[in-house]
Amino acid sequence: MNVTRQDVDALNATLTVEVTPEDYEKKVNDTLNNYRKTARVPGFRPGHVPMGLVKKQYGKAVLSEELNKVVNQSLQEYITENKLDILGNPIPTEGEDNFTGDFDNPDKFEFTYAIGLAPEIEVPLSGKNKFDYVKVKVDDALINKQIEDLQRRYGKLVSGEKVGEKDMVLAQFVELNDDESIKEGGILHTSTVSLEFVTDKKVKKSLIGKKVGDKLVVNPTDVSRGGADTAAMLGVKEEELEGLSDKFQMTVNEIKVMELAELNEELYDKLFGPGNVTDEKSLRERVENDLQGMFVNDSDRMLTRSVYDNLLEKTEVELPDAFLKRWIQMSNETEITMEQIEADYENYAKGLKWQLIQGAIFKANDIKLENEEVIDFTKGLLVSNYAQYGMPAPADEELTQSAMQVLQNQEEANRVYDMLAERKLTTYFKETVKLNEKEVSYDEFAELASK
């Protein structure tokens with residue numbers, strides 16, 4: 001076999017594979033002989049079918065399959081040996097000149113494939129680049145809110161006399177007509193409303209202060225989160241909401257108030273383990289440290305996003321667009337038109353451009369994802385999952401086995417590799433660019449993080 005390369009331009013080239021009888025004849029004949037042993041042809045005993053008949057029936061298909069194997073192997077070996085950095089995979093060139101040979105009289109064959117070459121990239125990133133590093137200002141108000149949330153988590157519901165801003169109301173909902181009379185055969189259902197999730201200020205104000213037995217007319221969507229939540233509150237299917245009235249009589253049947261857990265040793269031990277927090281002062285210090293640690297990941301993500309957007313805009317990356325569009329069309333599992341590819345190509349090219357930028361950064365700075373650290377990272381994710389459900393992590397040996405099982409799932413493995421790669425990129429960005437630390441309130445931070 002002989003493979004020759006011809007450059008079309010800086011991003012496109014062709015590889016021509018020359019295949020001679022010495023490359024395929026023996027395997028083709030061996031396969032046909034095996035077919036002959038099992039072929040069933042009327043008038044001949046198994047194993048005694050003339051080779052001429054076998055070749056006539058199976059010869060072209062076997063030859064085609066063997067040539068395909070030989071050519072693919074040759075292409076991959078050539079790409080590997082010559083360290084070609086290609087995009088996608090080789091595809092047959094367009095036109096009639098991508099193949100020469102005669103299947104009726106097999107001899108020498110030539111197959112010509114197009115390849116797309118990855119561009120050389122210079123990433124414009126250094127200490128001269130300045131980016132905001134946004135941090136949450138962990139003040140007394142935020143610490144107090146977090147402590148109250150912890151107290152609520154371990155608190156208990158007790159009966160209340162009047163509806164408050166954070167209370168739960170057990171109420172009966174009765175469907176009304178437009179004139180606010182009770183609709184005959186309408187919805188009648190009892191459900192719970194949490195005042196915390198009532199976002200309409202006017203509606204919330206109308207509920208606050210109500211007592212057991214009080215009635216008011218509400219739109220169900222104003223006292224729920226809409227969609228499936230509204231349907232569950234009224235005891236109907238979501239698709240049935242469209243035909244319902246927007247007026248319901250809401251009768252307060254019961255008021256539940258969250259009684260906060262006391263700040264004492266019992267609560268501290270539940271939250272942080274025995275002896276780690278002993279009084280309110282150490283509680284506040286622990287909560288402050290935990291909040292700062294919790295927001296670091298979000299701050300890092302925002303920094304990475306800023307650098308990502310900047311690099312996508314300023315890094316020059318040319319792609320072999322025509323080749324990539326043909327490769328997408330030919331490699332897609334289901335039939336796809338060029339019009340469909342054109343419609344989404346910009347997004348695809350953007351994703352590929354980022355992969356190339358990331359690859360260039362990793363290569364230039366010798367950043368690698370070693371197998372051992374991938375396993376350790378996966379173990380860390382598992383430990384976090386256990387902690388989330390309040391469960392202790394298993395012994396290291398069992399944890400390692402669990403991590404290996406996770407990584408055997410290709411989809412999960414890709415997710416882990418992507419997460420670890422992003423962490424390494426974030427570390428590189430923080431060590432490379434100039435950071436302008438900027439403290440903002442929690443609300444400002446949440447708004448920036450959600451964009």
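Is it the case, given these coordinates, that Val218 is of a type in the set (A, V, I, L, M, F, W, C), within 30 Å of Leu150 (Cα to Cα) and surrounded by 12 or more Cβ atoms within 10 Å (Cβ to Cβ)? Here the answer is no, as Val218 does not meet what is asked.
Hey, can you tell me all the residues within segment 233-250 that are outside any loop (DSSP other than H, G, I, E, B) and surrounded by fewer than 16 Cβ atoms within 10 Å (Cβ to Cβ)? Across segment 233-250, the qualifying residues are Glu238, Glu239, Glu240, Glu242, Gly243. If only residues of segment 157-166 that are of a type in the set (A, V, I, L, M, F, W, C) and not in a loop (DSSP other than H, G, I, E, B) are counted, the one that is surrounded by the fewest Cβ atoms within 10 Å (Cβ to Cβ) is Val158.
In the set Asn409, Asn365, only one residue is farther than 30 Å from Leu125 by Cβ and either outside the structural domain of Glu431 (by TED's automatic domain parsing) or surrounded by 11 or more Cβ atoms within 10 Å (Cβ to Cβ) (or both); that residue is Asn409. Just one of the listed residues (Ala387, Ala393, Ala349) is of a type in the set (A, V, I, L, M) and loosely packed, with under 14 Cβ neighbours inside 10 Å, and it is Ala387. Only one of (1) assigned to a loop (DSSP other than H, G, I, E, B); (2) more than 24 Å from Glu412 (Cα to Cα); (3) in contact (Cβ under 8 Å) with a residue 60 or more places away in the chain fails for Ile367. Which number is that? Every listed condition holds for Ile367 apart from (2).
For (1) modelled with pLDDT of 95 or more; (2) farther than 30 Å from Leu271 by Cα; (3) in contact with a Pro (Cβ under 6 Å, 6 or more places away or on another chain), each residue gets a yes or a no:
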{"site": "Glu148", "(1), (2), (3)": "no, no, no"}
{"site": "Arg153", "(1), (2), (3)": "no, no, no"}
{"site": "Val163", "(1), (2), (3)": "yes, no, no"}
{"site": "Ala171", "(1), (2), (3)": "yes, yes, no"}
{"site": "Val174", "(1), (2), (3)": "yes, yes, no"}
{"site": "Ile208", "(1), (2), (3)": "yes, yes, no"}
{"site": "Lys215", "(1), (2), (3)": "yes, yes, no"}
{"site": "Ala228", "(1), (2), (3)": "no, yes, no"}
{"site": "Glu238", "(1), (2), (3)": "no, yes, no"}
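Of the residues contained in segment 309-325, one or more are found to be closer than 30 Å to Ala13 by Cα, among the acidic types (Asp, Glu) and outside any helix (DSSP H, G or I). Flag: Asp97 does not match the condition of being in a strand (DSSP E or B), charged (D, E, K, R), out of contact with any helix residue (DSSP H, G or I) (no Cβ under 6 Å at 6 or more places or on another chain) and farther than 18 Å from Asp23 by Cβ. It is to be established whether one or more residues within segment 253-271 are buried (at least 18 other Cβ atoms within 10 Å of the Cβ), farther than 30 Å from Asp290 by Cβ and among the polar types (S, T, N, Q). No, every residue in segment 253-271 fails to be buried (at least 18 other Cβ atoms within 10 Å of the Cβ), farther than 30 Å from Asp290 by Cβ and among the polar types (S, T, N, Q). For segment 114-156, a residue qualifies if it is exposed (fewer than 12 other Cβ atoms within 10 Å of the Cβ) and part of a strand (DSSP E or B), and the qualifying residues are Lys130, Lys156. Among the residues of segment 228-261, those identified as farther than 20 Å from Val169 by Cα and without any contact (Cβ under 8 Å) to a residue 24 or more places away in the chain are Lys237, Glu238, Glu239, Glu240, Leu241, Glu242, Gly243.
Count of segment 17-34 residues, restricted to those that are hydroxyl-bearing (Ser, Thr, Tyr) and buried (at least 17 other Cβ atoms within 10 Å of the Cβ), is 2.
Among the residues of segment 93-144, just one is without any contact (Cβ under 8 Å) to a residue 12 or more places away in the chain and of a type in the set (Val, Ile, Thr), namely Thr100. For segment 72-86, the criterion of being closer than 29 Å to Gln329 by Cβ, in a helix (DSSP H, G or I) and over 35 Å from the mean Cα position of the chain (by Cα) is met by at least one residue.
The values are calculated or read from the model by the stated rules, or taken from the named source; none is laboratory data. Just so it is clear, the model here is predicted, and its values are computed rather than measured. Backbone-built Cβ (ideal geometry, glycine too); neighbour counts: all protein chains shown.
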